[in-house]
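Here is the structure we will look at.
The values are calculated or read from the model by the stated rules, or taken from the named source; none is laboratory data. Because the structure is predicted, anything quoted here is derived from the model rather than measured. For neighbour counting, all protein chains shown are included, and Cβ atoms are generated from backbone atoms with ideal geometry for every residue, glycine included. Ligands, DNA and RNA are stripped out before the accessible areas are found, and what is left, the full protein with its side chains, is counted by its heavy atoms. Shrake-Rupley method; radii C 1.70, N 1.55, O 1.52, S 1.80 Å.
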Amino acid sequence: MAELILKSGNDRSVLRRHPWIFAGSVDRLEGRARPGDTVLVQDSRGKPLARAAWSPESQIRARVWSFDPEQSIDHAFIKRAVATSVARRAAHPWLAGQEGVRLIHGESDGLPGVIADRYGAVVVVQLTSAGADKWRDAIVAGLVQATGCSAVYERSDSDVRKLEGLGPVTGLVYGEMPESLTIVENGVRMEVDVAGGHKTGFYLDQRENRQLTGRLAAGRDVLNCFCYTGGFSLQALAGGAKSVISIDSSGPALATAARNMALNPQLDASRAEWREDDVFQALRNLKAEGRKFDLIILDPPKFAPSAAHAERAARAYKDINLLGLRLLNPGGILMTYSCSGGIGLEMFQKIVASAASDVGIDARILHRLSAAPDHPVGLAVPEGEYLKGLACQV
Ligand code: SAH
């Protein structure tokens, strides 16, 4: 096994159990390792600290599999880690009855670069690091064994793979896919397009927040911006919303939303209006039309993938929040989110506050929102906390 020697004084992060070893803290690699191979991490005096996956092309030069330097990293180790993560979901009372659940959430579940989402009998896996890519067979075998699923579909087409020198890999890796795939989320049936949808097909991270929307929606006029396949919209209808306008720029997402509407005959489709439009423009148009709402959801895509994009992203966040706040009736609620890793909760709150003060609106935070509990944040890995949200009442 090759040895990765850290520069003097650069062992603190590993000692704090942070799994990322950045290029700048690596002194040298002794011996030879191919991308994804396991290396023994040592401090500058040669003391073994951890075993990690080598990724020569990435700025994150290695990702720790185990902080026990004696632990051998093999097929059995990976399968055990997969089984442990799956068992944690099964043991969580909120998640126990759900058909759509994130089974493995990367670093926070001790499996850097591994995402696995279960939709009924289908598991979708996304591998984003050289180490995860190397152990594909063990990860898939572990998932099949731990879940008894009938199919595993791979969606390793995330852009971050490029940073690891990996190309896209997609397709069926185990079993047989059903002709169509739906899940029931809090009483609402939703189609999941694992091959063509965003991420692994669905935004599981917003499950609890969609449920909260349903609980706040009764009797209200609702505006759902960046609606994707209508998750928030349908929960709002289920919660008794008076009307729901949903906006997204993606035709295919809206086509799925229409099918989702049809999959739920218990909901009153005549209260729902779907608009294919750019949200920035649509919010201005609604203002010009003199429309007002009691509940507005803003769940935009990642404007700032990293801290380097934070400034431009901050302007975009401020813009939509400002436009949204102006469309609220007195007492109305803005549910606003950012899934940008580069923008922390504190900064996001400042952005929303400055949007409100710019338009002279008083507002207060009713709920601070985050990702669902199947997207845990490792205490040692605060970077895992990408999704943050605020429910503000004006
Ligand atoms: N709230 C959704 C997920 C939203 S994902 C859910 O719970 O499932 C972000 C969505 O924003 C995507 O569907 C994407 O098509 C859409 N989008 C991105 N930029 C947009 C823009 N400028 N105007 C309208 N929609 C946009």
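Overview of results
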read-out: Whole-Hz ³J(HN,Hα) from phi, Karplus 6.51 cos²θ - 1.76 cosθ + 1.60, for the stretch 51-61, glycine and proline x; value: 10, 9, 8, 7, 9, x, 8, 8, 5, 8, 6
read-out: Whole-angstrom gap from the stretch 85-114 to the stretch 39-58, using each part's C-alpha centre; value: 28
read-out: When the convex hull of its Cα atoms is projected in every direction, mean area for the chain (nm²); value: 19.3
read-out: Dipole magnitude (debye, nearest 20) for the chain, charges at Cβ of Lys, Arg, Asp, Glu; value: 740
read-out: Surrounding net charge for TYR203, when Lys and Arg each add one and Asp and Glu each subtract one, Cβ distance under 11 Å; value: 0
read-out: Members of LYS292/LYS350; LYS79/LYS199; LYS162/LYS388; LYS287/LYS388; LYS7/LYS162; LYS162/LYS287 lying beyond 31 Å, as alpha-carbon distances in this model show; value: LYS162/LYS287
read-out: Surrounding net charge for LEU379, when Lys and Arg each add one and Asp and Glu each subtract one, Cβ distance under 11 Å; value: +1
read-out: GLU99 paired with VAL169, simple spin-label distance in nm, labels 7 Å along Cα-to-beta-carbon; value: 3.0
read-out: Karplus (6.51, -1.76, 1.60) ³J(HN,Hα), θ = phi - 60°, over the stretch 306-317, in Hz, Gly and Pro reported as x; value: 9, 4, 4, 9, 4, 5, 5, 4, 4, 5, 5, 4
read-out: Contour excess over end-to-end distance, with Cα ends at ASP277 and GLU346 and 0.36 nm allotted per residue; value: 21.8 nm
read-out: Mean separation of Cα contacts under 8 Å, 6 or more apart, over the residue count of the stretch 254-394: relative contact order %; value: 25
read-out: Residue with peak Gaussian network fluctuation, the chain [Cα springs, cutoff 10 Å], from GLU311, GLU276, GLU289; value: GLU289
read-out: Residues whose placed amide H lies under 5 Å from that of LEU166, excluding near-sequence neighbours; value: none
read-out: Estimated distance in nm for a label pair at LEU15 and ASP268, the labels positioned 7 Å out from Cα along Cα-to-Cβ; value: 6.4
read-out: For the stretch 21-83: accessible area per residue (Å², 1.4 Å); value: 49
read-out: Potential lengthening between ASP137 and ALA23 on full extension [0.36 nm per residue; Cα-Cα distance subtracted]; value: 38.3 nm
read-out: ARG315-SER250 FRET efficiency (beta carbon distance; Förster radius 22 Å; 0.05 resolution); value: 0.45
read-out: Net +/- balance of residues flanking ALA130 in space, Cβ distance below 14 Å, scoring K and R +1, D and E -1; value: +3
read-out: Rounded to 5, the percent of DSSP beta bridges in the stretch 177-273 classed as antiparallel; value: 35
read-out: Choice from ASN209, ASN329, ASN224 with maximal GNM fluctuation in the chain (Cα, 10 Å cutoff); value: ASN329
read-out: Portion, in percent, of the accessible area of the chain that falls on carbon or sulfur, probe 1.4 Å; value: 50
read-out: Ratio Rg/Rh, restricted to the stretch 313-376 and using Cα atoms, in which Rh is the Kirkwood radius; value: 0.97
read-out: Cα-based Rg / Dmax (Å) for the stretch 223-314; value: 14.3, 46
read-out: Amide H within-cut-off set for ASP27, under 5 Å, with H built and near neighbours excluded; value: ILE5, LEU6, LYS7
read-out: Mean projected area (nm²) of the alpha-carbon convex hull when the stretch 15-109 is viewed from all directions; value: 7.6
read-out: Long-range amide H partners of GLU99 with built H, under 5 Å; value: VAL184
read-out: Integer Hz, Karplus 6.51/-1.76/1.60 couplings in order for the stretch 293-303, x for Gly and Pro; value: 9, 9, 8, 10, 10, 10, 10, x, x, 5, 7
read-out: Most mobile listed residue (LYS350, LYS79, LYS292) in the chain, GNM with C-alpha springs under 10 Å; value: LYS350
